[in-house]
Amino acid sequence: MKRSEHSNDFSTPTRQSMVAILMIVLKTYRVLVRNVWPFLLLFLVKGEGLGKNHWIFFLIGAALIGMVYSIINYFRYYFYLDKEELVIESGVLKRTKMNVPFDRIQTINFEQNIIHRLFNVVRLKIDTAGSSKAEFQFQAIDSEIANRLRNVLLAKRKMANPTIEESKLDIEVKETSYETIMQLDLVDLIKAGAVENHLRSGGIILAFLYWIWHNLDEAQINIEDEVGSTVTSTVGTGVYLIFVLAILFVFVAFLVSMVKMIITNYDLKFLRSKRGFKINAGLFTKKDTSALDHKIQVISWGDNPLKKLIGIKDLRLKQASSIELNKKSSIRVPSCSEKHINLVRDTLYGKGATDGIEYNPIDKRYFYRNGGILALLLTLLTSLLVYFNLPMQATIVGIVGVVLVFTFYLSYKKKRYGFNQEMIVIKGGAYGDKTEMLPIYKIQSLSKKQTPYQRRNELANLVIYTASGKVAIPYIDDSVAESIFDTFLYRIESDNKKWM
Amino acid sequence: MRQYILNYLGVRSTIYMQEAPNKQFAEIEFSNHQLDETTLPRVAYIEYSPLEKNLLKANLIWTTLFFTIGIAIVLFLQYVIKLDGLVNYGNWVLLGLMALFILSATITYFGFFKKSYAIREKDIIFNTGLFWRSSTAIPFNRVQHCEVSIGPIDRMFDLSELKVFTAGGSNSDLKIEGLRPDTANRLKDYIVNKTGIDEEE
């Protein structure tokens, strides 16, 4: 850190901030404890013969070795900029040298947790294209140095690969001011948390309850006995109990989604720079994620019935990533309004990018086939349950079946696809609405798939692969699929725009 | 054009006609304004090349070998080791294995004829699947890299595998096995060359 003060260009080795030593020490201890805790436990329980003193010496020794190791590690971990690459050297015993060419650097992310904020440092993460293992991070580095490094790297990268964007390099790099698109305060978050998909949180709780139940069972504690001893009647209290449990369940699910929403999105700022979007949020750890325009492959937004009620949507900006379909690489902005989404869309693709798109439905056999098979299976299951005299289970399966088939019907009804010269838009959803949108030139490859049933009925699925996952148009006319296939291929091949 | 490319590549395979489309394309209801649909190059009219017959041979031999070993093990356990379960039900297990063998050999055999590929000026297309058909196209200007691999088994049958990678994840990558090594290498060079030209533009 000291050395870098007299060098603005990072040509001499730059180390992490001194604060990092603390973090490395803590991390080393954590790793140590995680790896040897069974032995520690064993000795604590069984090794009393060794005597207390030995123990203290042993622990102090381990702690000292850990600390020395961490400090050496700190001094032997640094980076510097070479002519065309970022060089990172690390390792205590085994030295490794990693060279990252400037044009391979994909993202530079800053993170801050409470300790970071105390010392005004950031955790620096640099992500590269290609292999996922080339990612590296600095535990702590002065915010100022980090910012300067980011600017230098961006400038160098442009020089290494000038085709990405033309001219005006210096002005753009120096320009770090952000325009706020939207901001969420606590009230917004509470609103957004209240209309989250509680079924998902409910699922987590159910799994947890099942786990507890299972363990209690293992421990031979019979819940029915415990509960049953305090109540007398069977049927009435049974229903009452289920009712109370259901309310409790809904309440807890609600609370879980609320807490999750507030922790991850506290004080959320959705920002716009000249070349990309940035999101900054978090209660305990302030996270800074940016998505440059050219890295965004697909945008999607959606809602659920609750969200529709108060008019908010969830927006996702999906970025190209080395790690396939990773949620980390997609930016999620909760609680967007129609206005924000239109703004993002217009900034990314220009006004009127989706003009003139005709939305087509998919074939009804999508519902007949999928719903039909599902209905058949569930009817069979229900009849079996009835046959074995399990009316309760049969009713549940029956209701679930009807709901599922209805969900299929809705998802068929809402599925729409359309495209124009530039854009592809796919709409869908069951109880809520979902829209996915991507420019045609972002397509990586195309696939037309047919099941035997679809072949008999001259139908096909069209799968569109992008660098941030795939998008599918199911059950369309085979000839239409073929025609779209040809059109898209033509568009990709005749367009020289860089997809990234 | 295709003939030209084939000559260029020196592919010595018989031309294999795809089933003729039985529909009139002019009648299709499909709107896509501002571009004359009928002038677009069509995937449906491409003549696809089959894979080398050696691949079928290799696959069938390996299937046979696999099941022969499996059956031999069962027989060994049944008559030499005299494993309890197998003494009673061994014949059923053998029957099941035989049925599986016939099934997998049949699928291998007929599935082979559904695999075909085509190279156009600007993309590569690969068809596969006996029951669940799929046809995947990768434009050359989206190719990340390209490689030819020859495994020990491949070498015995004078075969190799061409892999074309995109940034679209492993599902969208093409893996065409059953090409002669020289063909595969020429295809690779052609694709890499094409990718390079597109980059420069």
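The values are calculated or read from the model by the stated rules, or taken from the named source; none is laboratory data. As the structure is a prediction and not an experimental result, all values here were calculated from the model. Neighbour counts are summed over all protein chains in view; Cβ atoms, including those assigned to glycine, are modelled from backbone coordinates with ideal geometry. All accessible areas refer to the heavy atoms of the entire protein, side chains included, with ligands and DNA or RNA removed. Shrake-Rupley method; radii C 1.70, N 1.55, O 1.52, S 1.80 Å.
Counting only residues that are within 13 Å of A:Thr264 (Cα to Cα) and either open to solvent by less than 10 Å² (accessible area, probe 1.4 Å) or polar (S, T, N, Q) (or both), the stretch A:185-197 holds 3 of them.
Being more than 9 Å from chain A (Cβ to nearest Cβ), among the aromatic types (Phe, Trp, Tyr) and within 30 Å of A:Gln297 (Cα to Cα) is the filter here; which residues of the stretch B:103-162 pass it? Within the stretch B:103-162, B:Tyr117, B:Phe126 meet the criteria. The lone criterion from (1) at pLDDT 90 or above; (2) touching a strand residue (DSSP E or B) at 6+ places or on another chain (Cβ under 6 Å) left unmet by B:Asn59 is number (2).
Can you tell me which of (1) closer than 27 Å to A:Lys313 by Cβ; (2) open to solvent by less than 10 Å² (accessible area, probe 1.4 Å); (3) facing another protein chain (nearest Cβ under 9 Å) is the one A:Leu489 doesn't meet? In the conditions (1) closer than 27 Å to A:Lys313 by Cβ; (2) open to solvent by less than 10 Å² (accessible area, probe 1.4 Å); (3) facing another protein chain (nearest Cβ under 9 Å), A:Leu489 misses (1) alone. Every listed requirement among (1) facing chain B (nearest Cβ under 9 Å); (2) within 22 Å of B:Ile138 (Cβ to Cβ); (3) open to solvent by less than 40 Å² (accessible area, probe 1.4 Å) is met by A:Ser494 save one, (3).
Quick one: would you say A:Asn389 is farther than 30 Å from A:Ile262 by Cα, within 14 Å of chain B (Cβ to nearest Cβ) and not hydroxyl-bearing (Ser, Thr, Tyr)? In short, no. Among the residues of this structure, A:Lys308 does not count as one that is open to solvent by 40 Å² or more (accessible area, probe 1.4 Å) and either small (Gly, Ala, Ser) or not in a helix (DSSP H, G or I) (or both). Just one of the listed residues (A:Arg117, A:Arg95) is more than 21 Å from A:Lys278 (Cα to Cα) and open to solvent by 30 Å² or more (accessible area, probe 1.4 Å), and it is A:Arg95.
Which residues, counting only those in the stretch A:83-97, are among the aliphatic types (A, V, I, L, M) and more than 16 Å from A:Gln16 (Cα to Cα)? It would help to see each step written out before you state the result.
We begin by selecting, within the stretch A:83-97, every residue among the aliphatic types (A, V, I, L, M); these are A:86-88, A:92-93.
The one that is among the aliphatic types (A, V, I, L, M) and more than 16 Å from A:Gln16 (Cα to Cα): A:Leu93.
Filtering the stretch A:438-471 to residues that are over 18 Å from B:Thr166 (Cα atoms), at the interface with another protein chain (Cβ under 7 Å from one of its Cβ atoms) and within 32 Å of the chain's Cα centre (by Cα) leaves A:Lys449, A:Gln450, A:Thr451. Select from the stretch A:472-484 the residues that are at negative phi and either more than 7 Å from every other protein chain (Cβ to nearest Cβ) or modelled with pLDDT of 95 or more (or both) and list them in ascending order. Listed by number, the residues that qualify are A:Ala472, A:Ile473, A:Pro474, A:Ile476, A:Asp477, A:Asp478, A:Ala481, A:Ile484.
B:Ser49 meets all of the listed conditions (1) outside any helix (DSSP H, G or I); (2) open to solvent by 50 Å² or more (accessible area, probe 1.4 Å) but one, namely (2).
For A:Asp267, are the conditions met, namely being open to solvent by less than 60 Å² (accessible area, probe 1.4 Å), part of a loop (DSSP other than H, G, I, E, B) and more than 30 Å from B:Asp173 (Cβ to Cβ)?
Taking the combined requirement at face value, the residue satisfies it.
Given the criteria within 14 Å of another protein chain (Cβ to nearest Cβ) and buried (at least 16 other Cβ atoms within 10 Å of the Cβ), does B:Gly169 qualify? Considered against the rule, which asks whether it is within 14 Å of another protein chain (Cβ to nearest Cβ) and buried (at least 16 other Cβ atoms within 10 Å of the Cβ), B:Gly169 comes out as yes.
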